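First the structure, in the form of structure tokens, and then the observations on it.
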């Protein structure tokens with residue numbers, strides 16, 4: 001009954017008369033080469049190769065020692081050695097667990113609180129000064145306190161991740177819910193929709209694009225939160241590896257840890273993008 005309030009079904013679009021007289025597209029437009037050029041996906045590997053080449057040239061021209069700036073080959077050798085030792089995967093798994101738990105906890109709390117603040121403006125007026133003030137405090141300033149209060153274990157790192165994820169997801173949740181058109185709300189009320197039906201068929205689909213935009217930001221920031229917590233006090237994780245490499249002048253290990261963090265952030269961002277494409281597939285006309 002309410003399924004077509006926000007979205008539309010594929011059969012709801014009537015083909016125009018112009019579409020019946022326009023000539024069919026050439027077959028070669030769907031060729032893999034044309035699709036590759038159209039999506040510009042070839043730029044990513046080329047940019048990586050160019051970056052590595054320029055990096056190697058810089059090391060050779062500057063004649064930097066390995067503890068100042070290692071070459072790409074030295075970083076690759078250090079990566080392979082850490083991988084064979086098992087330390088890299090072990091520490092990466094710990095940091096990934098902290099990031100995922102922090103992202104889940106922070107986004108869940110932000111979504112629930114954001115819904116309440118969007119529904120009750122008085123509550124927003126009371127809490128918004130405290131929420132904004134909490135974001136004015138640098139994370140590196142409160143991270144030592146959280147480690148002291150909750151110990152150097154995984155819980156304090158998850159808490160730090162949750163705090164850094166919380167605010168962008170909260171703001172996007174409020175903006176998304178407040179942006180639901182009033183005429184659609186009136187239409188749902190005229191159809192005697194219950195609050196749960198209003199939430200399921202109108203508010204969630206309408207606010208989902210903006211919410212997922214905040215989740216993209218939170219997914220990348222959560223990696224920063226985990227590393228900050230591990231910098232302050234930890235005996236495991238990629239932040240701990242960076243501290244070890246820095247203390248031993250093993251700069252190649254620092255680069256390996258940084259690249260693993262970048263890969264982790266890009267992977268989480270990509271997962272959110274795929275989730276967005278799946279959940280928002282109703283917005284895209286399959287015939288286009």
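Just so it is clear, none of the values below were taken in a lab; they were calculated from the coordinates. What you are looking at is a predicted structure, and each value in this text was computed from that prediction instead of being measured. A quick note on method: Cβ atoms are made from the backbone with ideal geometry, for glycine too, and the neighbour counts reach across all protein chains shown.
Remarks
- Here the condition is being surrounded by 23 or more Cβ atoms within 10 Å (Cβ to Cβ) and in contact with a helix residue (DSSP H, G or I) (Cβ under 8 Å, 6 or more places away or on another chain); of 213, 233, 239, it holds for 239 alone.
- Meets criteria (under 24 Å from residue 162 (Cβ atoms) and free of Cβ contacts under 8 Å to residues at least 40 places away in the same chain) for residue 217: no
- Of the criteria (1) farther than 18 Å from residue 154 by Cβ; (2) more than 11 Å from the chain's Cα centre (by Cα); (3) surrounded by fewer than 22 Cβ atoms within 10 Å (Cβ to Cβ), which one residue 272 fails: (2)
- Among residues of the stretch 84-104 being under 26 Å from the mean Cα position of the chain (by Cα) and surrounded by fewer than 18 Cβ atoms within 10 Å (Cβ to Cβ), the one that is farthest from residue 205 (Cα to Cα) is 87.
- Residue check, residue 154 free of Cβ contacts under 8 Å to residues at least 60 places away in the same chain and closer than 25 Å to residue 265 by Cα: no
- Subset tally (residues that are assigned to a helix (DSSP H, G or I) and in contact with a helix residue (DSSP H, G or I) (Cβ under 8 Å, 6 or more places away or on another chain)) for the stretch 247-268: 14
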